[in-house]
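A quick write-up on the structure given underneath.
The values are calculated or read from the model by the stated rules, or taken from the named source; none is laboratory data. Treat the numbers as computed from the prediction; the structure is a model and nothing was measured. Don't worry about glycine lacking a Cβ; one is built from the backbone with ideal geometry, like all the others, and counts go over all protein chains shown.
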Amino acid sequence: MRVESGLKLDDIVLQRRSETDFLPASEEVLAQLTGAEWLWNLPGTAEEKQTVGRMCGEGCHGYEQIMRNRLDERSWRLMVFRMLHYSGSPLIVRGRARGTLEQEEMIVKFLARVRGPDSPLGPVKVFQRAHGPATNVVVTEYELPHVLLATHDVSGDSKGNIWYSSHRTPFLGKLDPRTGIVTEYQVPTPAPGSGILPGTHRIQVDKNDIVWASENWAHNLVRLDPATGDFTITRSRRARKP
Ligand code: HEM
């Protein structure tokens, strides 16, 4: 919605939902829980929560993506197996297992117990949220050239541009936040038809404004000189043969 200058927006009136730190475990409340609040509120041992934290909270996604599901033990076993034995953005590349079979079993049993179809969950405790000046943020959204880019990481250069990596395409992008103009650079690897997924993960712009990125499906290190548009691809020892 375009906010024209002088347009009066209705005030947002907040209603207190609880006189205590505990809120009803309604879908809308659960959807706002942080990962820490999920682990805090779910019944379980410190070892179970640490294992879930280590195996499921390592950055691929948040706990809310896990805990919004209620599955039986068989389904959690299938889900956890996919998560711990596959990689690639759509999780289709079978790889080395993350963790031990004991840890995997502990996670399956824990999730089946606390996020089963009928697992009870009482009122939940929420931690203090940002308030006052900490809530004064301006969020600017920029349109990027492709759908399904699955942007993963960003890094700034010395000229104020924002560089992003794309998990599911061979494009590295440079966004000029002053103009919204996006310039894309196509990484020349992996070769089309090689059966290796395109996409970059980490991205870092160094002090000379050289852009470095990791191709974690092709296992290459990518160097881009924006001044010339030249790419240098360094294959890691783990690089898969096309
Ligand atoms: C055992 C620990 C983990 C559990 C229990 C878990 C659970 C889940 C669940 C339940 C979903 C579906 C969410 C939904 O859409 O409702 C999901 C999606 C996903 N998880 Fe995990 N996850 C775990 C670890 C990981 C790890 C370590 C990675 C990265 C390597 C990962 C990558 C993904 C991806 C990429 C998706 C999205 C798949 C798609 O929608 O195409 N997960 N995970």
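List of remarks:
Quick grid of which residues meet (1) assigned by TED's automatic domain parsing to the domain that holds ARG82; (2) modelled with pLDDT under 90; (3) under 23 Å from the mean Cα position of the chain (by Cα):
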site	(1), (2), (3)
VAL108	yes, no, yes
ASP118	yes, no, no
VAL138	no, yes, yes
PRO145	no, no, yes
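- Among the candidates ALA191, ALA239, ALA218, ALA227, the residue that is exposed (fewer than 14 other Cβ atoms within 10 Å of the Cβ), outside any strand (DSSP E or B) and at pLDDT below 90 is uniquely ALA191.
- Of the set (1) among the acidic types (Asp, Glu); (2) in a loop (DSSP other than H, G, I, E, B); (3) over 17 Å from LEU30 (Cβ atoms), all apply to GLU104 but (2).
- Residue count, segment 147-188 (criterion: under 18 Å from the mean Cα position of the chain (by Cα), of a type outside the set (A, V, I, L, M, F, W, C) and assigned to a loop (DSSP other than H, G, I, E, B)): 3
- Checked against the criterion of being surrounded by 19 or more Cβ atoms within 10 Å (Cβ to Cβ), at pLDDT 95 or above and aliphatic (A, V, I, L, M), segment 161-172 contains one or more residues that satisfy it.
- Residue within segment 125-148 that is within 25 Å of ALA31 (Cα to Cα) and within 14 Å of the ligand (Cβ to nearest atom) present: yes
- If the condition is being under 19 Å from THR51 (Cβ atoms) and either surrounded by 15 or more Cβ atoms within 10 Å (Cβ to Cβ) or within 11 Å of the ligand (Cβ to nearest atom) (or both), then segment 87-104 contributes ALA97, ARG98, GLY99, GLN103, GLU104.
- Filtered residue count, segment 35-86, keeping only those that are charged (D, E, K, R), farther than 17 Å from ALA112 by Cα and within 10 Å of the ligand (Cβ to nearest atom): 2
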